[in-house]
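Undergrad: Can you keep this structure in mind? I'll have questions shortly.
The values are calculated or read from the model by the stated rules, or taken from the named source; none is laboratory data. Quick caveat: nothing in here was measured; it's all calculated off a predicted structure. All Cβ positions, glycine included, derive from the backbone under ideal geometry; neighbour counts span all protein chains shown.
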């Protein structure tokens, strides 16, 4: 019987934020990597009046998986129905929905309903792991939404770029070979890279801040798209001041060379601002501090990518 072919689960959490705010965060899929711990990257493939299609890359049991998701958006009811069109894992949710119910005094209830095919747990998966992950996602959405009146202070993005009179292929190769950066990039002291599938890299970097000399240990997932000249990444371990950090390296070739850019999207960890920067520090101080750190490392890497490509061009001549 069809009812025997599906398992259903429903989770609800109270959120101290207006229902419209919570719905807006869930509808804004490109921002999910900053809100949802498991989401590495989300791209809108197409959209129409009924909804949109998304290509999602998510961390699942420590591995990155990609799937196409069709969403139906219902802003009046504050609901989002979804269907996983090409599930890659037998225990992944196949269909379901988010629903936001208004409550008293600007509060609401957030519910996630999921249905999936019953299957044996993935190797190494402990009982209840999926429920634990779902609850972590709900808690992350609730935490972000409850800061809705301060999100403009805690969320920010920016871009650094250089122009290279050289080959886009050489620039991309330099950015892709992050395993070699310990020998090529001065602020990288140590680099470990695992690439179980082509174009999906898990990295561990030990870097020194060019401005302060402090050593920073970071972990990230990188998605490499050589045909498009893009490398998308999300930090899975962040410094105290940073709750979430994702970004992208991208190339824009023209007839003379290529513009190389590094983008950053950051969510600050509000509770760490005064602990790290001192009593009286404000989010604006944390924004400036984090941006200066990220810009120093990005600019150094971009400058070296330019030198690498332009030096190769001079040698060829």
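Undergrad: So residue 243 clears everything in (1) within 21 Å of the chain's Cα centre (by Cα); (2) in a helix (DSSP H, G or I) except one condition, right? Which one?
TA: (2)
Undergrad: Please go through (1) modelled with pLDDT of 90 or more; (2) assigned to a strand (DSSP E or B); (3) more than 20 Å from residue 37 (Cβ to Cβ) for residue 207 and return the number of the only condition it doesn't satisfy.
TA: The one condition residue 207 does not meet is (1).
Undergrad: OK, next. Being loosely packed, with under 14 Cβ neighbours inside 10 Å and within 20 Å of residue 266 (Cβ to Cβ), is that true of even one residue in the range 183-202?
TA: For the range 183-202, residues loosely packed, with under 14 Cβ neighbours inside 10 Å and within 20 Å of residue 266 (Cβ to Cβ): absent.
Undergrad: Within the range 295-317, does at least one residue satisfy the condition of being surrounded by fewer than 16 Cβ atoms within 10 Å (Cβ to Cβ), out of contact with any helix residue (DSSP H, G or I) (no Cβ under 6 Å at 6 or more places or on another chain), at pLDDT below 95 and not in a helix (DSSP H, G or I)?
TA: Yes.
Undergrad: So which of 214, 160 is out of contact with any strand residue (DSSP E or B) (no Cβ under 6 Å at 6 or more places or on another chain), on the phi < 0 side of the Ramachandran plot and outside the structural domain of residue 22 (by TED's automatic domain parsing)?
TA: 214
Undergrad: Moving on to the next point. Hey, can you tell me all the residues within the range 215-235 that are part of a strand (DSSP E or B) and surrounded by 18 or more Cβ atoms within 10 Å (Cβ to Cβ)?
TA: Within the range 215-235, 220, 221, 222, 223, 224, 231, 232, 233, 234, 235 qualify.
Undergrad: When the residues of the range 162-184 are filtered to those that are more than 13 Å from residue 249 (Cβ to Cβ) and not in a helix (DSSP H, G or I), which remaining residue is modelled with the highest pLDDT?
TA: 163
Undergrad: Determine whether residue 297 is in contact with a strand residue (DSSP E or B) (Cβ under 8 Å, 6 or more places away or on another chain), under 21 Å from residue 182 (Cα atoms) and outside the structural domain of residue 39 (by TED's automatic domain parsing).
TA: Judged against the criteria, residue 297 is a match.
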